[in-house]
Amino acid sequence: MSTDIVLAIALTVMTASTPLLLAAIGELVVERSGVLNLGVEGMMIVGAAAGFAGAQLTGSAYGGVAFAAVAGAGLSLVFAVFVLLLATNQYATGLATTLLGIGIAGLVGQGYVGQPGIKLEQVPIPLLSDLPVIGPLLFQHDVLFYLSLALVVCVSFVLFRTRLGLTIRAVGDNHDSAHAIGYNVVAIRFATIAFGGICAGLAGGYLSLVYTPQWVEGMSAGRGWIAVALVVFAAWRPLRCLAGAYLFGTVLILQFHAQAAGVPIPSQFLSALPYLATMIVLVIVSANRLSRHSAAPACLGQAFVPSK
Amino acid sequence: MTSPSSKLLATTDVTKFFGSFCANDRISLDVDAGEIHALLGENGAGKSTFVKALYGLVRPDSGTITWKGERVEITSPARARELGIGMVFQHFALFDSLNVAENIALALPQDVAVSDVVARLDEITARYGLALNAEAAVGDLSAGERQRIEIVRCLMQSPTLIILDEPTSVLTPQEADQLFVTLRQLVNEGRSIIYISHKLEEVQRLCDRATILRHGRVVANCDPRTTEKGELARLMVGDLVHAARPSGSAAADGIALSVRALSMSAPSLFGVDLQDISLDVRPGQICAIAGIAGNGQSELFEALSGERLSNDPAAITLLGQPVGHLGIAERRQLGADFVSDERLGHATAPDMSLSDNVLVTRARTDTDLMRSGVLKLERARSLSQRIQDSFDVRSGAVDPPANALSGGNLQKFVIGRAVDRHPRVLVVNQPTWGVDAGAAARIRKTLVSLAEGGSAIVVISQDLDEIFEIADSIAVIARGRLTALYPADQMSAEEIGLWMSDAEAGASQRANSTFQTAGVGLDNND
Amino acid sequence: MIRLEARPRPSWWAALASPVIALVLTLLTGCLLLLAFGKDPIKGLYYLFIDPITVWWSLEEVLVKATPLALIAAGLSVCFRANVWNIGAEGQFIVGAIAGSALPVVLPEVQGPHVLPLMLLCGTLGGALFALIPALLRVRFGANEILVSLMLVYVAELFLDWLVRGPWRNPAGFNFPETRQFHEWATMPIVGDSRLNIGIFIAIACCAVLAFVLSRTYFGFGVRLSGTAPRAARFAGISRNRTILLVMALSGGLAGLAGIMEVAGPIGQLRIQISPGYGFTAIIVAFLARLNPVGAIAAAFVLSVTYIGGEAAQIAIGISDKITRVFQGALLFFVLGSDVLIRYRITWTRRTPVIQTPEPAAVERTST
């Protein structure tokens, strides 16, 4: 294979991985604070619909990006109100978020089916983008791609090097202790959930503004769920999250290329690969964890009621 | 007595209601600079509520607090710390997955960096002899070390008054001694301490003054060093019936429960491995297993009950039958029963009614509660009523959920549920932990009379007073090892205390002095 | 600030009222939503919720759609009661449909009264076995059953897609992606001259049996105990792993049964699309029914009305039938929110609350 083809494939892998990474890094922060938000799929699809609609309404893909972020954050706050203020079951509320998100996205996107989209432009980075191989690979992308990588670094730094990150981890480890010391557990979790919502919204926006610039119903196709699995795979560590997202992006793209290349395997089986891969990875990671100290935040998924 | 102006802290008529329940009834108390002031009382006497008011966690309904001669409103823990009041809680507010320095930093103001903490930690640990490794993960630490973190957290803010809530409840006697040295040093620096406890001996050893609370009221102020222990006890609990084990109670022949060289690896990272445990209990015998919490008691309980199975069926023999491989329900069917230390969530389902909770342990042993898989709910209800009636369980409602009962009443229910069956072997973990004095006396009496009826009883307990009250033989568990069983009347509290910190050393020492009178080895140590 | 104050015991009135409160809140939200789209809210709600049950034929349609919902939701109720999160009922529905269809599709020459019972059995087994995959992975490796069962939904959909486009495609079907029509022995008998088939009775019977099992048998007791207090269940000698396997198989089996009844009933053949998301909607049904299998019958009816009403509203007032999904999602939120009333009293506080418990909260977690 020539380098051009390899480069082309690598670029598509990056495009496929970016939404996974965006959604997963957001969910990682949410889970570090002790909340399991299973609404990522819903926030993502809402982000996709809002992103597409926003671009059409404002005439600019950047308008779409803003809409996507706001929509994801908005839906995440609905989740937050129920889970944090009413202490509802996090699993069920997360599912409700996903179901509501799919509904809202269908409703919003209804009028946009089949319309041509506006693609988010590439912003080559001066000088660096002229480098051979590395230039086109890393420095000729859209802002969301740069953002996704920047988020990995930032989240990693904030979580493990700052007092804010320490507080988030503490709240996820033991919310009762954090409360007893005087931290506002609910406020901290509101903030992380909103951050997760923005990230998931942007991930959705990436789908409808970069990956396939159009609106197709159900276009997130389980990527939100894969992002949730990625966090488990990453053992709640941002850098491993990056690796995981690119691994899954590769699986997604390779099965497309295999289909295009006419591999004598039914396309449906190839399409099922990312989902099967997710399962297998979950099994391997979970099996390892049974014998070791769990990396999961200890309060993950538990409701917090301060007065009791 | 010093003049009022020299008082560090004084409260007048502090009163706090929870609904209609009066937790604190006009409590007046003062603390001098440089004194250790004991707050003595039973569980539920109102000690915790009172100090929470001093620390800004509870707002009193009425009464005043005067700090260094000025009236103050302590609205939050932050305000308390600002004034110079620090508190070390009985239940630690720690984070297992974080390290020591991070845990300390979290309790300090936002602008303190973890790196600053590490530096100051070294200084404080050196000064007070509170050995702590800044990098260690807190989840791996012993209770004593965890407490040190709380104390360091408190000291980092240079408090004038330090409140300690039942600090020795999780410590070995030796760790407690170490704590007392630290506390003395703090007082010598001019700080004051409010020391909450229900343990008379340590209050007598440590404290300059004592205020005794009962049912939310101050019943006495005294100098604990000059007041007799019996008098303190009477003030604290009022007049109390003692179960008192009839002396010379004879156990029958034969072995009801036998454990042979039982070893089991810990179920989790923070658990304890059981190593080579052997134990024989005869019918009619009450055998106590003493030890500090977290030394393998829950693991041993789970092994005896069958919640965790042994690889070797013969490791545990119940009434002559090897049962190491049988589950808890099968062991119950053979005539054993078990009462776990955790009333809510383990021994009972908190949200389920008492009659449902009867089914938890009885459905598979009582043939009239279930026929071919279908439950007889009316019978469960009447059985539940019978247990409540005969064990004086006061619930104030018809068939309430378990979590609606007070600790003492629920414990009576849980004990009653097992005793009502007349099990031939009963294993009880911490039978009276956190239970009021009346219920505790009742429970101990129940256990004694069950043994008199010929049942073999194993009591796992941290409470030495309880052990000496009801047990006829004692073994000590430490770090997953169990000493041999010795007659209770040949053991001293000091000896048990020493073994608690190291069963192996204790056992070998005991073996060496088999032909001497009990306690000789200890005298040499002193 | 909202503050939750634990009630001394669960409130019975709130338990009864909570589904009603949730429905009312959903309707209010619906009004706002319709207003936002510039539609008359009263008219919109009429078409969405009332119109479907005013005419016999559409009421029949409501019942036809309620049948699989009730059946799946009854199984999920048992599962959720055990605190086991089977989110993949949609996949088990599909696999049940496939497993049950094998007989009439592959061996159409096999005819007779034994065909349908065999199909129902195969469908149930298929769904149960498919649900056992996440259950086994959870028990054996600790893999999260939510994610695994959900991934398997996509796998099942793709597998169905392959079957009806590939090996099982009707040879005389002009290349349409669907199997041959099921023969008469392989279809559910119709009740009278309606659209209803005997499936509705099977569903009602299953719900009733499950309600009995859950409330009156030791197995059901163990499921509830294991869900609400897993350590107490272990203390009773009930194996958590066994419970997980059993409830997953049970809920998967019922979803599979619903699947085969759907293709052997209203649809009459396998197609790419055999479910408008029954497996997911059934989750909402189960929660609206407060995880009570008998309640699932009524709740299934309500959710089914929103499906039919969505179509009616689209025709009558020109609002997209996608609004149905929004209603369903909102309903689940409100159901979960109103359930809080059962265990807590909600109070409003101005300032930051101070701890108000007489007993010190157990902050120290015991590591087990």
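Read the figures in this text as sums done on the coordinates, not as results from a lab. Note that the structure is predicted; figures quoted are calculated from it, not measured. A quick note on method: Cβ atoms are made from the backbone with ideal geometry, for glycine too, and the neighbour counts reach across all protein chains shown.
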Across peptide A:181-188, how many C-beta atoms of other chains are within 10 Å of each residue C-beta, on average?
3
Which lysines have a Cα lying under 28 Å from the Cα of residue A:119, excluding residues fewer than 8 positions away in the same chain?
C:322
Using θ = phi - 60° and the Karplus relation 6.51 cos²θ - 1.76 cosθ + 1.60, list the HN-Hα couplings for region B:53-59 in order, rounded to whole Hz, with x at every Gly or Pro.
5, 5, 9, x, 8, 10, 9
Can you give the convex hull volume per residue for the Cα atoms of region C:90-229, as a whole number of Å³?
154
Contact order normalised by length for chain B, with contacts defined as Cα pairs under 8 Å and 6 or more residues apart; what percent is it?
14
Cα-Cα pairs of chain B separated by more than 39 Å (percent)
31
Report the charge-dipole magnitude of the protein assembly as shown in Debye, nearest 20, computed about the Cα centre from +1 at each Lys and Arg Cβ and -1 at each Asp and Glu Cβ.
1860
Taking placed amide H atoms and a strict 5 Å upper bound, the residues 5 or more places from residue B:192 or on another chain that come that close are B:34, B:161, B:162
Mind pulling the angle between the C-alpha long axis of helix C:323-343 and the longest principal axis of chain C? Nearest 10 degrees, somewhere in 0 to 90.
40
Given a Förster distance of 51 angstrom, what is the FRET efficiency for residue B:253 paired with residue C:6, based on the Cβ-Cβ distance and rounded to 0.05?
0.45
Cross-link reach list, aspartates and glutamates versus residue C:65, counting only Cα pairs under 14 Å and skipping chain neighbours closer than eight places
C:262, C:311
Could you give the longest part of chain B that holds none of the GluC sites (Glu not before Pro) found in DSSP loops with at most 16 neighbouring Cβ atoms within 10 Å?
B:229-526
Given N residues in region A:230-290, what is Rg(Cα) / (2.2 N^0.38 Å)?
1.27
From the Cα gyration tensor of region B:389-466, with a ≥ b ≥ c the square roots of its eigenvalues, which class applies: rounded if a/c is under 1.5, or else prolate if a/b is larger than b/c, or else oblate?
oblate
Could you calculate, for region B:47-163, the ratio of the Cα radius of gyration to the Kirkwood radius, expressed as Rg to Rh?
1.00
If you average 1/r over every pair of different alpha-carbon atoms in region B:141-206 and take one over that average, what Kirkwood value in Å do you get?
12.3
Given the pairs B:7/B:52; B:52/B:199; B:16/B:412; B:47/B:199, which are separated by over 22 angstrom at their Cα positions?
B:16/B:412
Round to the nearest 10 and give me the degree value, 0 to 90, for the angle of helix A:267-291's Cα axis relative to the longest principal axis of chain A.
30
Ratio for the protein assembly as shown, C-alpha Rg to 2.2 N^0.38 Å, reads 1.02
As I understand it, the value is the acute angle between the Cα axis of helix C:89-106 and the longest principal axis of the Cα atoms of chain C; what does it come to in degrees, rounded to 10?
20
Between the alpha carbon centres of region B:292-365 and region C:126-194 the gap in Å comes to 43
Project the alpha carbons of region C:1-142 onto their principal axes and report the range along each, largest first, in whole Å.
61, 45, 29
Work out Dmax and Rg for region B:337-412 from the C-alpha atoms and quote the Rg first, both in angstrom.
11.9, 35
Using helices alone, what [θ] at 222 nm do you get for chain A, with -39,500 (n - 2.57) per DSSP H run of 4 or more residues, divided over all residues and rounded to the nearest 500?
-23000 deg cm²/dmol
Classify chain C as rounded, prolate or oblate from the Cα gyration tensor: take a ≥ b ≥ c as the square roots of its eigenvalues, call it rounded if a/c is under 1.5, otherwise prolate when a/b beats b/c and oblate if not.
oblate
Restricting region A:156-189 to trypsin sites (Lys or Arg not before Pro) in coil, as DSSP defines it, with at most 13 other Cβ within 10 Å
none
